[in-house]
Each structure stands twice: as structure tokens, then as C-alpha cells.
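Q: To start, I am sharing the structure in question, which I have written as C-alpha cells.
The values are calculated or read from the model by the stated rules, or taken from the named source; none is laboratory data. Here the structure is a predicted model, which means the values were calculated and not measured. So basically every Cβ, Gly included, is an ideal-geometry build from the backbone, and we count neighbours across all protein chains shown. What goes into the accessible areas is simple: the full protein's heavy atoms, side chains included, and nothing from ligands, DNA or RNA. Shrake-Rupley method; radii C 1.70, N 1.55, O 1.52, S 1.80 Å.
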Amino acid sequence: MDYARAFAILTVILCHSTEATYSFQVSNFQAASIFSQLSALTCFTVGRLGVPIFLFMSGYLMLDRSYDEAGCRKFWRSKWIALVLATEVWIVVYNIFLCAINDTVFDPARLFRNMLFIENVGMGHIWYMPMIIGLYLFLPFIANGLKRIDNPHLLLFPLTIACTILFVVPIASILSQCVGEAAFKSEIADGFSGGAYGCYMLLGYCVKKRSFDSLPSFGIALLGGISFVLTIGFQLFAYNNGVFAPVWYTNALLLLSGLSLFLLVSRMSFLREAKAVFALSYYSFALYLVHFPVKILLTPFVQALHVSHLAEVGILSLLVLVVSLAACALIARIPKIGARILYLR
């Protein structure tokens, strides 16, 4: 899974670098050349594969386990509480950082609301933290429930229904807006599925239980490639019809692209250990925490180079990766608390 983790964090950095470079507002996007539009959407869509891969891995690694009472307590103590504490530390850091770069007065009341997760911090990546905190809370019970199912393939039926509701309906809603009709959503409750992000984790579990082994790798690669191209085409169609529709994780085409890629990587037993890949894998979550403020600091310097947008994305992504990796290595050296702050495992 080291290669999957390394790919995931690299694409997350690519996604946020792309957002910092290109404008995805409808009027600005429509005014850009077709090459610029395709470049932006391609980089952005590749970047959007990172979070699905992270979620697939969570299900793959954590749901195929049994948790007795001691195991539950250990999970909550070492995983859940540790994750909450690390998140709270970074919320404080982000608040101080935003005050410094925006030259604003520190607001303790806002920090308090941020730490209670009732107000957004104002950093584009932080939404992931409360989402994963919520999913992890009941994870031991979900894993124990899955263990009681003799045939894990049975999970595919309710998952197919849930994915139709959670991933296909949003596409239909955007298409409805493209032809001048109103947006809509399904009224069917999705709570027990864990929502869209829970479905990603459950599909990762299905990969672990070999539920897709009957599918040939060539077919999976073809499906993934077609889904990826259609994801770009879907966004292009929406934008050119005046609908703001940068792909989100509730898009069925993105789900198929990410799942196909994860299936293929899970079958690549020939991949050998590599120090660079291991380092990216080890620091992947830490990089997620650190990279966004680094990106904010470096963006003006890269923009001052006056290179093409595509080159700017590449340069910014590389610089953010290098500087963030160095920062993680330094923070990890802080005695006793460094690894905990970065949630290193």
C-alpha cells in the first residue's frame, strides 16, 4: 500500500496547486482557451483521485479486522483520540498562520468554534479531518459486523444501491442544471452507509475481500481510463453550459476512476520497496496536514515567475512537496510530541 499512499498525497498536492493556479469560476473558465481548460481539468481531476485512494486504503486496512473490547479501546485511544488531538493542534496552528498572513487580530472565540468543529477554519483541506474523525468513531463496530457476514460479496448489493443514490444522482442533478432545470437530490436516508465517504471505505474492504477478482485487469484499466476521460468531459460540458461543477467526491465517474486505479495497484505484487516511496507513504498524512499553508506561502513566488499555468502547477507542486517534506521531517524530530502532532504511524 506504500505506492497507493504515495500516489494519494502527491495527487492531493497537485489538486491544491492546480486550484491555486487556475480559476474555476464559470466566467473565467469559459474565457480561457480550450488547451487551458483541458489542462486545468486534467490536473484537477488527477488531483481529485487522492482522497478516494486514502479512503479505499482505510477500508482495505481497517475493516477486515476483529475488535474485542480491548481492541476497541485501543483503537479509540491510539487512533481516534490521537487523531482528534492532532487535528486540534493544527487548528490552532492554522488560526495563528491565517492571522499572520492576513494581518488580522487573533480571535479566541473563532478558534474555540473551530476546535468544536462548528465553524470552518478557512483552509481548503481541513474538511477531511472532521469527516474522517466521524467515520473512525464507529469503525470497530462496522468491522465486527462485517466479520459476521459469511459471504462478503453480499455487501455489493446494498453498496450498489447506496452508490447509485450517492454518486449517480449528483451527476443527474448537474445535467439537469445544464439544460436549465432545477438541481435535485435523493431523499433516501444514507446514514447507515456512512454516506459517500463511508461507501469509499466499504469498497476498499470489498477489494481486500477479493470481491472484484473475477474482473480482468485489462477491463478494469479500460473502465478506469474511460471513466477518467468522461470525468473531464463532464466538467467541460457543465462549465460550457454555465454550471459551476468542479468534480467532487460524490461523482460516480470519479468513483469508478479511483476504484479502478486502486484495484490495479492492489494487484501489483511485482512492485518493489523504494526509499522515496516509503518516505512519501510514511509522511503521507503529515504532508496532508502541512502542505496547505506551505502552498499558500509559495504561490506568490511561483506566480512571479510568469511561466505558463501548466508549468506553474508543476513547479508549485514540486516546491510544496519538497518544503513540506522537510518541514515534516523537522517536526517529527521534536522529542515526545513531534510524531503525535503529525499523527505518524
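Q: For region 21-32, what are the residues that are in contact with a helix residue (DSSP H, G or I) (Cβ under 9 Å, 6 or more places away or on another chain) and open to solvent by 10 Å² or more (accessible area, probe 1.4 Å)?
A: Thr21, Tyr22, Ser23, Phe24, Val26, Gln30, Ala32
Q: Of the residues Thr18, Thr42, which is open to solvent by less than 10 Å² (accessible area, probe 1.4 Å), of a type outside the set (A, V, I, L, M) and either in a helix (DSSP H, G or I) or touching an Asp or Glu at 6+ places or on another chain (Cβ under 8 Å) (or both)?
A: From the options Thr18, Thr42, the qualifying one is Thr18.
Q: Residue under question is Leu310, and the condition is that it be of a type outside the set (S, T, N, Q), touching a helix residue (DSSP H, G or I) at 6+ places or on another chain (Cβ under 7 Å), open to solvent by 40 Å² or more (accessible area, probe 1.4 Å) and not in a helix (DSSP H, G or I); does it hold?
A: Answer is no for this residue.
Q: Output the qualifying pairs, or none if there are none: Cβ atoms under 7 angstrom, residues six or more apart or on different chains, first residue in region 255-273 and open to solvent by 40 Å² or more (accessible area, probe 1.4 Å), second residue in a loop (DSSP other than H, G, I, E, B).
A: Leu261/Leu49
Q: Of the conditions (1) without any contact (Cβ under 8 Å) to a residue 60 or more places away in the chain; (2) touching a helix residue (DSSP H, G or I) at 6+ places or on another chain (Cβ under 7 Å); (3) of a type in the set (Val, Ile, Thr), Ile341 satisfies every one except a single condition; which number is it?
A: (1) is the only condition that Ile341 fails.
Q: Could you say whether any residue in region 194-202 is modelled with pLDDT under 90 and open to solvent by 20 Å² or more (accessible area, probe 1.4 Å)?
A: Checked against the condition, which is being modelled with pLDDT under 90 and open to solvent by 20 Å² or more (accessible area, probe 1.4 Å), region 194-202 yields at least one hit.
Q: Separate question: Tell me the helices (runs of 4 or more DSSP H) entirely within region 45-140 that contain at least 1 residues that are open to solvent by less than 40 Å² (accessible area, probe 1.4 Å), at pLDDT 90 or above and more than 25 Å from Leu10 (Cα to Cα).
A: 69-75, 82-102, 108-115
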